[in-house]
Amino acid sequence: MSEIPRPSVAHLTSVHRPFDIRIFQKELRSLARVGWPVTLIARHTHDEKVDGVQIRAIRGFNGRLRRMTLTVCAVLREAVRSRAEICHFHDPELIFVGFVLKLLGRKVIYDVHEDLPRQIESKHWIVPFLKHPIALLSGAIEWMAGRFFDRIVVVTPVIARRFPPGKTIVVQNYPMPEELFDVEGTPYARRPPVICYAGGISEARGAYEMVDAIAEVDGRLDPQLHLAGEFVPASLRQALEKRRGWARTTTHGVLDRAGIRNLLGSSRAGLVLLHPHPNHLNAQPIKLYEYMAAGLPVIASDFPLWQEIVGRNGAGLLIDPMDPGAIARAIEWVLDHPEQAAAMGSKGRSAVIERLNWSEEEKKLLAMYEGLR
């Protein structure tokens, strides 16, 4: 007896780039690898097929309002035209697209990347007195979505608590096994006293605290801070250049994967110092796992979730991200104790290789899809 063909799948995004790590590199490539017919509807310059994934390009409109109206309408139009039997969307602004597709008889999956109500409370562009009412409204809409859609995919166990347990699957944002596992650099004890950060450089991600902390580290250690990423906003760089720690800071701009690999392979520790904003407390930034996969000890914000990831695995030091003095003392400890720091890095790497990696999450994703056939 021949196997029943797998139904067609379309992943939808109006926000993310077409080759987004979670959407394309992990979820779509995993589905394509085992034979699911998959399409990605996203802002792109042209249609093309990459790694078994058919990309259907839609026009991206500039400006938040135009994106949330015109781009969303374009996503809906292409999703209907695709005739995909399963529609898997990734942005809260597409919830109403999901409702329409469900009414048209499609099976619908909502992939929740962020804790939306908490994220709204942190949005600088929303008038302060409107934040709480909008957060409550968004929570109510997601409550309805959780009961209307076929499956909910969430990125953390904390977010999962807001959705029906019988149809909610936690697929965490762990790194792919091939990502950075082959980092080769100078043996740890012989590396220069470089502390690195890779990712978007912003005030909420600890830009000021990192630069101020490196200024407070004992000069005998010759500490160096290396930043790789884009300054958000661009004017932030000029503000940071006025801080005392800038003299010990080197910037690399946006690096490709090989560049990140080289940076991590020549550093002593990686920084993840997100401020304790509501939408950060349960975040799992990919850089955290990349540092661990590269065998780097992590100096991270002392959030409860990160205590589970970093603290329980002995993979680094947890500190108050708002205290440059505490960050400086953690950097001094790492530079003063290379053997213990290297052991922390090894523990973190082992945790990623053995448990905290995409191979385990992929199994859950594929099992969920099989359950929808």
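Please go through the range 268-306 and pick out each residue that is over 19 Å from Ala228 (Cα atoms), in contact with a strand residue (DSSP E or B) (Cβ under 6 Å, 6 or more places away or on another chain) and not aromatic (Phe, Trp, Tyr). Of everything in the range 268-306, just one residue is over 19 Å from Ala228 (Cα atoms), in contact with a strand residue (DSSP E or B) (Cβ under 6 Å, 6 or more places away or on another chain) and not aromatic (Phe, Trp, Tyr), namely Asp302. Taking the criterion of being out of contact with any Gly (no Cβ under 8 Å at 6 or more places or on another chain) and of a type in the set (A, V, I, L, M, F, W, C), the residues of the range 274-285 that qualify are Leu281, Ala283. In the range 210-259, the qualifying residues are those that are outside any helix (DSSP H, G or I) and either on the phi > 0 side of the Ramachandran plot or acidic (Asp, Glu) (or both), and the one that is surrounded by the most Cβ atoms within 10 Å (Cβ to Cβ) is Gly229.
Out of all the residues in the range 119-144, which are surrounded by 11 or more Cβ atoms within 10 Å (Cβ to Cβ), among the β-branched types (Val, Ile, Thr) and modelled with pLDDT under 80? Matches in the range 119-144: Ile120, Ile126.
Per-residue answers, yes or no, for (1) touching a strand residue (DSSP E or B) at 6+ places or on another chain (Cβ under 6 Å); (2) buried (at least 23 other Cβ atoms within 10 Å of the Cβ):
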position: Gly314; (1), (2): no, no
position: Leu318; (1), (2): yes, no
position: Pro321; (1), (2): yes, yes
position: Ala328; (1), (2): no, no
position: Ile331; (1), (2): yes, yes
position: Ala342; (1), (2): no, no
position: Lys347; (1), (2): no, no
position: Val352; (1), (2): no, yes
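So for the range 39-48 (the condition being out of contact with any Ser or Thr (no Cβ under 9 Å at 6 or more places or on another chain) and crowded, with 17+ Cβ neighbours inside 10 Å), does at least one residue qualify? Yes, some residue in the range 39-48 is out of contact with any Ser or Thr (no Cβ under 9 Å at 6 or more places or on another chain) and crowded, with 17+ Cβ neighbours inside 10 Å.
Listed here are the residues, each with its yes/no results for (1) exposed (fewer than 13 other Cβ atoms within 10 Å of the Cβ); (2) among the aliphatic types (A, V, I, L, M); (3) part of a helix (DSSP H, G or I); (4) not assigned by TED's automatic domain parsing to the domain that holds Arg257.
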site: Arg17; (1), (2), (3), (4): no, no, no, yes
site: Gln25; (1), (2), (3), (4): no, no, yes, yes
site: Trp36; (1), (2), (3), (4): no, no, no, yes
site: Arg66; (1), (2), (3), (4): yes, no, yes, yes
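The values are calculated or read from the model by the stated rules, or taken from the named source; none is laboratory data. Computed from a predicted structure; not experimentally measured. Neighbour counts are summed over all protein chains in view; Cβ atoms, including those assigned to glycine, are modelled from backbone coordinates with ideal geometry.
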